[in-house]
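Data first, discussion second: the structure below is written as structure tokens.
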């Protein structure tokens, strides 16, 4: 696969809830959608383990993560940037 034909990688934005592990952060991503039966807006959240090679992110930071190769059993995401 050449540089011009890279596969699409998902990007998510969330808040860091844990940075206790070395080179790993846990990011909570919230999404809002309309319930298909009740037509009510529902908030749903999910936690993702992401690889933070330089240990830049801290708890409470808003970050962007991107899909990547598997770093471990749970880590399939990488930190792209710390937004604030």
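For the reader, a short list of remarks on this structure follows.
- Between 37, 27, 56, the residue with the greatest mean-square fluctuation in the GNM of the chain (Cα pairs under 10 Å linked by springs) is 37.
- GNM on the chain, alpha-carbon springs under 10 angstrom: the most fluctuating residue among 34, 73, 11 is 34.
- Across the chain, Cα pairs under 8 Å and at least six residues apart give a relative contact order of 29 percent.
- Percentage of interatomic Cα-Cα distances in segment 21-82 larger than 19 Å: 38 percent
- For the residues 18, 68, 45, a GNM of the chain with alpha-carbon springs under 10 Å puts the largest fluctuation on 45.
A short reminder: the numbers here are calculations on the coordinates, not readings from a lab. Note that the structure is a prediction, hence the values are computed from the model and not measured.
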